[in-house]
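Accompanying notes for the structure given below.
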Amino acid sequence: MTEFGFIDSIRRLFAALPDNGFEGIGDDCAVLPLGDGTSLLFTADLLTEGVHFLRAATTARELGRKSLAVNLSDIAAMGARPVATLLSLALPADAEDAWAAEFMEGYRELSARYGAALVGGDTTRSAGGITINVTAIGRAPDAHVKRRDAAREGDIVFVAGELGASGAGLRDILAGRYDTPLAAVHRNPEPQVGEGAWLGARSEVHAMMDLSDGLASDLGHILDRSSAGAEVELSLIPVAPGSDLRTAACGGEDYKLLLTADPSAADRLAADYLARFGSPLYPLGRITARPGLVWLRDGRPEPLDWHGFEHF
């Protein structure tokens, strides 16, 4: 069973149960419209020692920041701003006391930056490694909430930053090179919180999500949900210094925003984004009616069997 096959089986299993007003599985967050023109958004992520991080390669403070950052990225991906989080920790005996205190300092640092209250959670002893679970809650006007199923034929596909630095950093870490600049990027993702809220307010932005598993996989999620296809020009993918094209397309944990926008307003959107944030939106290609992701090299199809990260 693949990760997304398992998720699909869960969706089917629970399909007949009442949704109690929630928009459920399928986007970066579950959405609960409040009836006052705004919605609450909920997301949860796990980080497990030995799978998502190596304790020898990261400080407790960095891990505290990262565990929150990856959840705030999901909130940003739907055009919302974070308001609160819940944190649950399973800690072995050698990660209590000083390690746990440092972890919480990192978590608090990012919470303070984005005004997200820590409002609950749980703690327990672990017989093995560290497990971290964060639930983040965001809020946005209903009209600002962006979903994966809204891409339209002809939309321009944009990414809000260079790709591949985190994947190259993971490669360094796995090779035992913990002190490289790219390894630091991997350990310290920066969620695009302000950018996500700004893009959420732009009506020309249609679909949006964050890049956690890699462009090759994550763009596929938008295409699947939107019943559409895309053509992506390889030469337009913004490869981060120190990385390479395949890592930029397939490596995970970049946490940059991926979006589609009305072609008639795409140039203005990109110009306004550059003026607001001082960094570009990178156009990669277009949404097509024909299903599937087609890689182009100089305008010609390139047969590449590229995939992003899958958990199992």
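The values are calculated or read from the model by the stated rules, or taken from the named source; none is laboratory data. These figures come from a predicted structure and were not determined experimentally. Neighbour counts run over all protein chains shown; Cβ positions are idealised from the backbone, glycine included. Protein only, heavy atoms only, side chains kept; ligands, DNA and RNA dropped before computing areas. Shrake-Rupley method; radii C 1.70, N 1.55, O 1.52, S 1.80 Å.
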Okay, helices (runs of 4 or more DSSP H) sitting entirely in the stretch 126-238 with 2 or more residues that are in contact with a strand residue (DSSP E or B) (Cβ under 8 Å, 6 or more places away or on another chain) and within 25 Å of V83 (Cβ to Cβ), I get 193-200
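Kindly establish whether I156 is in contact with a Pro (Cβ under 6 Å, 6 or more places away or on another chain) and among the β-branched types (V, I, T). Let's see the steps before the verdict.
Values: in contact with a Pro (Cβ under 6 Å, 6 or more places away or on another chain): yes; among the β-branched types (V, I, T): yes.
In short, yes.
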The number of residues in the stretch 26-59 that are open to solvent by 50 Å² or more (accessible area, probe 1.4 Å), among the aliphatic types (A, V, I, L, M) and under 27 Å from V185 (Cβ atoms) is 5
In the stretch 106-133, anything under 12 Å from L68 (Cβ atoms), in contact (Cβ under 8 Å) with a residue 40 or more places away in the chain and open to solvent by 20 Å² or more (accessible area, probe 1.4 Å) is listed as R108, E109, Y114, N133
Condition check for S73: at pLDDT 95 or above, closer than 30 Å to E204 by Cβ and small (G, A, S)
yes
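Kindly indicate whether S226 is small (G, A, S), open to solvent by less than 60 Å² (accessible area, probe 1.4 Å) and over 19 Å from H186 (Cα atoms). Spell out the reasoning first.
Working: small (G, A, S): yes; open to solvent by less than 60 Å² (accessible area, probe 1.4 Å): yes; over 19 Å from H186 (Cα atoms): yes.
The answer is yes for S226.
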Picking from G161, G154, G138, the residue that is among the small types (G, A, S) and surrounded by fewer than 16 Cβ atoms within 10 Å (Cβ to Cβ) would be G154
Screening T288, T260 for residues that are closer than 18 Å to V232 by Cα, surrounded by fewer than 19 Cβ atoms within 10 Å (Cβ to Cβ) and of a type in the set (S, T, N, Q) leaves only T288
Here the qualifying pairs (Cβ atoms under 8 Å; residues six or more apart or on different chains; first in the stretch 242-262 and more than 19 Å from P181 (Cα to Cα); second at pLDDT 95 or above and basic (K, R)) come out as L259/K146; T260/R152; A261/R202; D262/R152
Residue hits (the stretch 23-40; closer than 22 Å to T85 by Cβ and at pLDDT 95 or above) are C29, A30, V31, L32, P33, L34, T38, S39, L40
Exactly one of R148, R202 is within 24 Å of H307 (Cα to Cα), open to solvent by less than 50 Å² (accessible area, probe 1.4 Å) and basic (K, R), and that residue is R148
Scanning the stretch 93-105 residue by residue, those of a type outside the set (D, E) and open to solvent by 10 Å² or more (accessible area, probe 1.4 Å) turn out to be A93, A98, W99, A100, A101, M104
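Please work out which residue is farthest from S226 (Cα to Cα), limiting yourself to the stretch 164-199 and to residues that are of a type in the set (S, T, N, Q) and open to solvent by less than 40 Å² (accessible area, probe 1.4 Å).
T180
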Restricted to the stretch 76-97 and to residues being at pLDDT below 95 and part of a helix (DSSP H, G or I), the residue nearest to D210 (Cα to Cα) is A95
Going through (1) assigned to a strand (DSSP E or B); (2) over 30 Å from L170 (Cα atoms); (3) of a type outside the set (S, T, N, Q) one by one, R290 fails only at (1)
